[in-house]
1. Kindly write out, for the stretch 106-119 in residue order, the coupling ³J(HN,Hα) from the Karplus curve 6.51 cos²θ - 1.76 cosθ + 1.60 (θ = phi - 60°), rounded to whole Hz, with x marking Gly and Pro.
2. Find me the longest stretch of the chain that has none of the exposed trypsin sites (Lys or Arg not before Pro), where exposed means in a DSSP loop (not H, G, I, E or B) with at most 14 other Cβ atoms within 10 Å.
3. Which residues' amide hydrogens lie under 5 Å from the amide hydrogen of ASP155, considering only partners 5 or more residues apart or on another chain, with H built in the peptide plane?
4. Taking amide hydrogens as modeled 1.01 Å from N in the peptide plane, which residues meet the under 5 Å criterion relative to GLY19, leaving out close sequence neighbours?
5. Which is farthest toward the positive dipole end of the stretch 37-161 among PHE44, VAL110, MET87, measuring Cα position about the Cα centre, with Cβ charges +1 (Lys, Arg) and -1 (Asp, Glu)?
6. With the dipole of the stretch 1-90 worked out from charges on the C-beta (+1 for Lys and Arg, -1 for Asp and Glu) around the Cα centre, which of GLY54, TRP29, PRO7 lies farthest toward the positive end?
7. Please list, in order along the stretch 67-80, the HN-Hα scalar couplings obtained from phi with the Karplus expression 6.51 cos²θ - 1.76 cosθ + 1.60 (θ = phi - 60°), rounded to whole Hz, x for Gly and Pro.
8. Return the Rg/Rh ratio of the stretch 34-161 with Cα-based radii and a Kirkwood Rh.
Amino acid sequence: MHDVTMPCVWTGQCQVERGSGLVARLAGWIGGLPPATEGMREGFRFEVRPEGDGEIWSRGFSGMAPFKTRQWAAGALLCERAGPMTMAFALLADGAGLRLELERCFVLGVPLPRVLQPRLEAVETEVDGAFQFDVSARFPTGGLLVRYRGKLIPDAADRKI
């Protein structure tokens, strides 16, 4: 998923939870985060396409504007830009899958002190040909910003996993 050479599409199901406080809603709006869903929802579409030295990741449900981010490698780190925020992750692979550990976070190019950085947990696995993910972001105080999790399979024309 993190090294495509041509556009790929996956479809499946996803659940999105969002923090309900004013700061969480404001941060979600600024970052262009996806809205909350009622339970696990079918019809989730995930597309990755190469662009320059990285990839554009587009996630969304039919009828809704997709949540797009840009990812690229920076040395041993994976960087992802979502709205005004850029995050740099260490990739940690083990028998269970891939964990992304937040190393640095920037807002409008300005590094956030670690004490102000969001707390992220991101795990990606492959089970029986399906890509499974569970990603959550919390404020430093522990309040939920966003959590999305689900399962994807390659679109019929893209059976590449």
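1. Ordered by residue, 3J(HN,Hα) equals 10, 10, 6, x, 9, x, 7, x, 3, 5, 9, 5, x, 9 Hz.
2. Segment 1-158 is the longest.
3. Placed amide hydrogens put VAL9, TRP10, THR11 under 5 Å from ASP155.
4. For GLY19, the qualifying residues are LEU145, VAL146.
5. Going by the charge dipole, the pick is VAL110.
6. My answer, from the dipole projection, is TRP29.
7. 8, 10, 9, 10, 10, 7, 8, 9, x, 8, 9, 9, 9, 9
8. 0.95
The values are calculated or read from the model by the stated rules, or taken from the named source; none is laboratory data. Everything numeric in this text was worked out from a predicted model, so none of it was measured. Cβ coordinates were reconstructed from backbone atoms using ideal geometry, including for glycine residues, and neighbour counts include every protein chain displayed. The area values use the complete protein model at the heavy-atom level, side chains included, leaving out ligands, DNA and RNA. Shrake-Rupley method; radii C 1.70, N 1.55, O 1.52, S 1.80 Å.
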